[in-house]
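Notes follow the structure.
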Amino acid sequence: MNRYLPVARQHFLAALASTSVVVKSICATVLLLYLLSWAVDTVYVLGVTPGYLFPPNFWIWTLVTHPVVERHVWGVAVSLGTVVTAGRLLEPLWGALELLVFFAVVNVSVGLLAGFSYLLTYVATFNLDYLFEVRVHGMLGFLGGVLVALKQTMEDSTVLRVPQVRLKVAPTLVLLALALLRLTTLLATTAPLAAYGYGALSGWVYLRFYQKHSRGRGDMSDHFAFASFFPEILQPAVGLVAGVVHGLLVRLRVCRKTVKRYDVGAPSSITISLPGTDPQDAERRRQLALKALNERLKKVEDQSAWPSMEDEEEEDEGRADVPLLAGREALSAGAASAAQSGSGQESSIISFEDAPSKS
């Protein structure tokens, strides 16, 4: 185990060095508050406590500060890994500003939804522990949003080879793992499970309907539908329920209706597209094509070696010398034959002289 730590540390620092100032600032804040938690109860002051979030206390700053607060070293590792992964994989596609917006939207939504859920639980049970003993903090909510975003951009990538696990099922697997940990009481409260679930949900809603890009807003492609997060056997039923909910939200003007666009004025035939589909699908196909091209180039480099330039020059010179020699030999042979023919012609000439006149 100790021999792998330096390698992991080296890879982490290399990944962190290639990220923007936004990612570096979030990581530095997480480390600073973790060190401060040894002296002060930062989770109580900066984490979301449902009883203090709403009036009359109204601790609204905790909606912003709760994701960067951790009290255990494994929580710090998860937080740093999540932020660096988002910086390496999502920031090149979106930019630093859009990544910061996504970070804020997901975490604020997690704080509000979790606080409201525990408030409703208190109303149903009258148990004050749901209001004042629960602390929502850490990056599990943002982890859910990041996994959903990675499913959108590179769903066919392989996370584990044995057993083979693709990225498109990673959000669901992590949710099931957290639920199993809660059932086995390895998690003291349901706060981590609730944070992750609300983070994945809010991230999907933002990316599906509200994220701005060059072709409008959202991503209405079929591979990013809500039913795609469930097993194939459950997708028809989930799709039906999701369609009903989406129709209700469209009537309430919370979400937009899916509209098809027909480009009749295009120079080619009629094209049909869905708003928000092209950029994400094109980027996903581009990354898959680049990955396949890199693998093929690597195989070609391993199997064959490139010839050196000196060998090519020597071959070209050899090829150039052969015609010249042949030409010289042909010229010399032609001159000799011409000389022989010339002498033969002179010998075959018959001269006629005038006969002497008789007197």
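Do we find that P56 is over 30 Å from A15 (Cα atoms), open to solvent by less than 10 Å² (accessible area, probe 1.4 Å) and out of contact with any Lys or Arg (no Cβ under 9 Å at 6 or more places or on another chain) in this structure?
No, not satisfied.
Could you please find all residues in the range 219-233 being assigned to a loop (DSSP other than H, G, I, E, B) and either hydroxyl-bearing (S, T, Y) or touching a Leu at 6+ places or on another chain (Cβ under 7 Å) (or both)?
Residues satisfying the conditions are D219, M220, S221.
Please count how many residues of the range 188-215 are in contact with a Gly (Cβ under 7 Å, 6 or more places away or on another chain), outside any helix (DSSP H, G or I) and crowded, with 18+ Cβ neighbours inside 10 Å.
1
Against the definition (modelled with pLDDT of 95 or more, over 23 Å from the mean Cα position of the chain (by Cα) and farther than 23 Å from A188 by Cα), how does T65 come out, yes or no?
no
What do you reckon, is T190 at pLDDT 90 or above, polar (S, T, N, Q) and more than 17 Å from T153 (Cα to Cα)?
When the stated conditions are applied, T190 passes them.
Can you run down the residue pairs with Cβ atoms below 6 Å, 6 or more apart or on separate chains, where the first is in the range 1-15 and assigned to a helix (DSSP H, G or I) and the partner is modelled with pLDDT of 75 or more and surrounded by fewer than 10 Cβ atoms within 10 Å (Cβ to Cβ)?
Once the first residue is assigned to a helix (DSSP H, G or I) and sits in the range 1-15, no partner that is modelled with pLDDT of 75 or more and surrounded by fewer than 10 Cβ atoms within 10 Å (Cβ to Cβ) comes close enough.
Of all residues in the range 16-47, which are without any contact (Cβ under 8 Å) to a residue 40 or more places away in the chain, part of a helix (DSSP H, G or I) and either basic (K, R) or closer than 25 Å to A195 by Cβ (or both)?
If the condition is that a residue be without any contact (Cβ under 8 Å) to a residue 40 or more places away in the chain, part of a helix (DSSP H, G or I) and either basic (K, R) or closer than 25 Å to A195 by Cβ (or both), then K24, S25, A28, T29, L32, L33, L35, L36, T42, V45 are the ones that fit.
Name the pairs: first residue in the range 105-132 and touching a residue at least 24 places away in the same chain (Cβ under 8 Å), second residue surrounded by 14 or more Cβ atoms within 10 Å (Cβ to Cβ) and not in a helix (DSSP H, G or I), Cβ to Cβ under 6 Å, at least 6 apart or on different chains?
Between residues of the range 105-132 that are touching a residue at least 24 places away in the same chain (Cβ under 8 Å) and residues that are surrounded by 14 or more Cβ atoms within 10 Å (Cβ to Cβ) and not in a helix (DSSP H, G or I), the close pairs are G111/V48; A114/V136; G115/V48; Y118/V134.
Restricting to the range 59-90, what's the tally of residues that are open to solvent by 60 Å² or more (accessible area, probe 1.4 Å) and in a loop (DSSP other than H, G, I, E, B)?
The qualifying residues number 4.
Suppose we filter the range 140-187 for residues that are surrounded by fewer than 17 Cβ atoms within 10 Å (Cβ to Cβ), part of a helix (DSSP H, G or I) and among the hydroxyl-bearing types (S, T, Y); how many remain?
Summing the residues that are surrounded by fewer than 17 Cβ atoms within 10 Å (Cβ to Cβ), part of a helix (DSSP H, G or I) and among the hydroxyl-bearing types (S, T, Y) in the range 140-187 gives 1.
Give me a count of the residues in the range 120-139 that are surrounded by 13 or more Cβ atoms within 10 Å (Cβ to Cβ) and more than 16 Å from T62 (Cα to Cα).
Summing the residues that are surrounded by 13 or more Cβ atoms within 10 Å (Cβ to Cβ) and more than 16 Å from T62 (Cα to Cα) in the range 120-139 gives 4.
What pairs come out if I take residues in the range 48-63 that are farther than 15 Å from Y118 by Cα and in contact (Cβ under 8 Å) with a residue 60 or more places away in the chain and pair them with residues that are assigned to a helix (DSSP H, G or I) and among the polar types (S, T, N, Q) whose C-beta lies under 9 Å away, six or more apart or interchain?
That search, which allows pairs on different chains as well, returns nothing.
The values are calculated or read from the model by the stated rules, or taken from the named source; none is laboratory data. Predicted model only: the values in this text are computed from it and were never measured. Ideal geometry is used to build each Cβ from the backbone, glycine not excepted, and the neighbour counts take in all protein chains shown. All accessible areas refer to the heavy atoms of the entire protein, side chains included, with ligands and DNA or RNA removed. Shrake-Rupley method; radii C 1.70, N 1.55, O 1.52, S 1.80 Å.
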